[in-house]
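Here's the structure we're looking at; comments come further down.
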Amino acid sequence: MKSAIDYRNKFILAPMVRVGTLPMRLLALEYGADLVYTEEIIDWKLLRAERHTNEVLGTVDYIDKTDGTVVFRTCPDERAKVILQIGTASVERAVAVGLMLQNDVAAIDVNMGCPKDFSIKGGMGVALLYDRPRAKAILEGLVQSVNIPVTCKIRVMPDPDETIELAKDLQSTGISAIGVHGRTKTERPRDPVNEDAIAKVATALHIPVIANGGSQSITRRHDILKFAQRCATTSVMVARAAEWNCSVFRADGPLPLDDVVRRYLELSVRYDNSPSNTKYCVQMMLRSLQESPMGRRLLDSQTMQQICDIWELGEYCRETQLRYHFAGIKGRRACRPRTLSENGNNTGADESEPVTSKKQCLEETQQQEPDPDPLNEENVCFIRSNFTDDNALPKSKLYLHAIRNGLARAQYEVQQKDKLFRAFIRFDGQRYTSSFWEKNKRYAEQAAALVCLLKLGVESRDELIRNGAMLPTTKSTTIDHTVEPGDKRNGVSEANGTEHTVRVNGKEVSAATESC
C-alpha cells in the first residue's frame, strides 16, 4: 500500500542547492517546518551511489562509488518528513532512483522549475515544462512504481491559462501535490512573484498546490500565512527567507541570527557536515555581514573548528570530532586516491568497510620502489590560515633552517593521483612525507615541510595538535562517557541512541578534522 502525506496546511523548506543538506533540514524541522526538501540531486549521481549505514553518525549515507562523495545523507529524525528532489530527464533513471531510495525518504519530487543552463541543456528542470509528454511519462512512471508520494515543482508560464492547462495535465498523472514558483523561467528573485498566477492554479486543481517564491515579503511565520492566503493555497515552501534565517518557521517569531548560526553549527558538527558546505550556508545567513570582522574571520576559515571558534563552539567541535575519530569514522584524514586494478576496477584497502565521511577515498595498494633513504611519515595537514606571515610558512622555515645549519636545501617531489597530491622531501639524508593527501601541490609541499620540521624539533607536536594540523595518535587518554539523552546541543535523539561527552585528561584537545 502506498504511504501518504497530507500536503495541505504545511510550511515547507524549499529545495535549495547546497543549502538543503541534512543540518539545514533538521534545523528547519526543529524551528517548525512540517516538511523539508533536499537540494536537487541529479539522477545519475544517485544511481552511481551505494547505500551505507553510518553507525558512528546514526545516518544512512548514499556514497558516490567513483570518488567517495556523500551524495545524500539522512537520519531517522527526518525520515517521515524529508522529500527527495531529483533532477531527471529519463523515465528509466527516475524510476530506478525512486525504487532505490523509497525506503529512506517520505516522498519524491521531480524538479521541473530549475532555469539554470545545466538543467535545461540536460532536458531537466524547466525544460520539462516544454516537453510535456516526457514530463508526464516521468511522473507516471514514478507514481506507478514507488510506494511513496510523488510530486513535482514547476514555474508559471507567461500565459496564466497555459499554466493551468499544464498543471492539470501533470495532475492527471496521479501526483499527490504540485509546487508552483510564481515566476517564469526567465525571471529571477529580484522580479515580483506572480501570486495571482499561483492562485489561479490552486483554484483549478483538486490536489494541494504549494506556493513558492514569496521570500521578498517573508520575515516571520505570520508572513508565510499571508503569502499562502494571497496565493489561495494552504501550503507554502520557503526558500531564500529560510536560507537567511531558518527560524522564520517559528511560531514565536524568528530568533537572533547568532543563535540560528550557532544551532546550525552544532548540527553540522553532530552530522559531520563538510566545512565547505557549512561555510557556504553560514555565508548565506550573514549576507552583508560577511564584510564585518566576524564575516571576515569566516571567509578566512578552512576547518570546521575554525568556523566554530568564531561562535564559541570550538570546544564542542573538538570534543565531537575527537570522539568520532576514536570511534573509527573515516574523515578527511583517511582520504586516499583510488587506484585501478589490472582489470580496470576501482580497488581499495577494504572495500567491505562502510564509508562514513563526506568524501571517502580508498587506500592505495600498488607497491612503491624501495628507497635507500629512511622515510619519516606523519599525518599532518597544512592549514593556510594558521600562517598569517608568509615568512613563517613551513617551506620558508625549513629553507632558513638549512641556511643557518649549513645544509643543502630540501628537495621536493610531488605525486599526483586522481585529484589529490602528496609530497616527499629529501633533506640531510632523510625523507619526509605526510600521509595526508592535499588538494593541491603547494599545500602538499607545505605539509611535508611541516613533517620535516616536526622531526627536526623545529615544530612542536603539541602546537600542531592545538592548531588542528595533527590529531592525537593514540587513545591514551581519560575519556568520560556521559549519557545525555535528549540533549539537543549534542544532537541526541531517541532514534540515534546516546551521545558521549569527551574530556581528554581534563584538558582541551584539538581534533580539527575536516571532510573532503
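I'd like to verify a number: residues in segment 99-117 that are of a type in the set (Val, Ile, Thr) and not in a loop (DSSP other than H, G, I, E, B), how many?
Step one: list which residues in segment 99-117 are of a type in the set (Val, Ile, Thr), which gives 105, 108, 110.
Filter again for not in a loop (DSSP other than H, G, I, E, B), leaving 108, 110.
Within segment 99-117, residues that are of a type in the set (Val, Ile, Thr) and not in a loop (DSSP other than H, G, I, E, B) number 2.
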### Query
What single numbered condition from (1) part of a helix (DSSP H, G or I); (2) crowded, with 16+ Cβ neighbours inside 10 Å fails to hold for Lys168?
(2)
### Query
Checking Gly125 against (1) of a type outside the set (A, V, I, L, M, F, W, C); (2) out of contact with any Lys or Arg (no Cβ under 8 Å at 6 or more places or on another chain); (3) closer than 16 Å to Val17 by Cα, which test does it fail?
(2)
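Are there helices (runs of 4 or more DSSP H) fully within segment 190-288 with at least 3 residues that are not assigned by the TED database to the domain that holds Thr53? List them. Spell out how you get there, then give the answer.
Details: elements: 195-204, 221-230, 240-244, 257-270, 275-286.
Because the criterion is at least 3 residues that are not assigned by the TED database to the domain that holds Thr53, the helices (runs of 4 or more DSSP H) in segment 190-288 that meet it are 257-270, 275-286.
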### Task
Among residues belonging to segment 65-98 that are assigned to a loop (DSSP other than H, G, I, E, B) and hydroxyl-bearing (Ser, Thr, Tyr), point out the one that is farthest from Ile138 (Cα to Cα).
Thr66
### Task
Take segment 276-311 and flag every residue that is open to solvent by less than 50 Å² (accessible area, probe 1.4 Å), over 18 Å from Trp244 (Cβ atoms) and touching a residue at least 60 places away in the same chain (Cβ under 8 Å).
Ser301, Thr303, Met304, Gln305, Gln306
### Message
Regarding segment 446-454, can at least one residue be identified that is more than 30 Å from the chain's Cα centre (by Cα), modelled with pLDDT under 90 and not assigned by the TED database to the domain that holds Phe326?
### Response
no
### Query
Taking segment 97-148, which residues are closer than 27 Å to Lys81 by Cβ, of a type in the set (Asp, Glu), open to solvent by 10 Å² or more (accessible area, probe 1.4 Å) and under 24 Å from the mean Cα position of the chain (by Cα)?
Asp104
### Message
Checking His52 against (1) open to solvent by 10 Å² or more (accessible area, probe 1.4 Å); (2) within 30 Å of Asp252 (Cβ to Cβ): exactly one of these is not met. Which one?
### Response
(2)
## Note on the structure
Those residues of segment 23-49 which are closer than 22 Å to Ala94 by Cα and open to solvent by less than 20 Å² (accessible area, probe 1.4 Å) amount to Leu35, Val36, Tyr37, Thr38, Ile41, Ile42, Asp43, Leu46, Ala49
## Note on the structure
With criteria (1) open to solvent by 30 Å² or more (accessible area, probe 1.4 Å); (2) in contact with a helix residue (DSSP H, G or I) (Cβ under 8 Å, 6 or more places away or on another chain); (3) among the charged types (D, E, K, R); (4) on the phi < 0 side of the Ramachandran plot, Arg79 comes up short on (2)
#### Entry: Within segment 293-324, considering residues that are modelled with pLDDT of 95 or more and in a loop (DSSP other than H, G, I, E, B), the one farthest from the chain's Cα centre (by Cα)
Glu312
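Tell me, which residue of segment 235-251 that is more than 10 Å from Gly214 (Cβ to Cβ), among the small types (Gly, Ala, Ser) and out of contact with any strand residue (DSSP E or B) (no Cβ under 9 Å at 6 or more places or on another chain) is surrounded by the most Cβ atoms within 10 Å (Cβ to Cβ)? I'd like the intermediate steps shown before the answer.
Here is the first cut: in segment 235-251, the ones more than 10 Å from Gly214 (Cβ to Cβ) are 235, 242-251.
The next check asks that each one be among the small types (Gly, Ala, Ser); those that pass are 235, 242, 247, 251.
Among the residues that remain, those that are also out of contact with any strand residue (DSSP E or B) (no Cβ under 9 Å at 6 or more places or on another chain) are: 247, 251.
On the way: Ser247: 22, Ala251: 10.
If we take residues in segment 235-251 being more than 10 Å from Gly214 (Cβ to Cβ), among the small types (Gly, Ala, Ser) and out of contact with any strand residue (DSSP E or B) (no Cβ under 9 Å at 6 or more places or on another chain), then Ser247 is surrounded by the most Cβ atoms within 10 Å (Cβ to Cβ).
The values are calculated or read from the model by the stated rules, or taken from the named source; none is laboratory data. A quick note: this is a predicted structure, and the numbers were derived from the prediction, not measured. Because the Cβ atoms are built from the backbone with ideal geometry, glycine has one as well, and the counts that use them run over all protein chains shown. Surface accessibility is based on the protein's heavy atoms, side chains included, excluding ligands, DNA and RNA. Shrake-Rupley method; radii C 1.70, N 1.55, O 1.52, S 1.80 Å.
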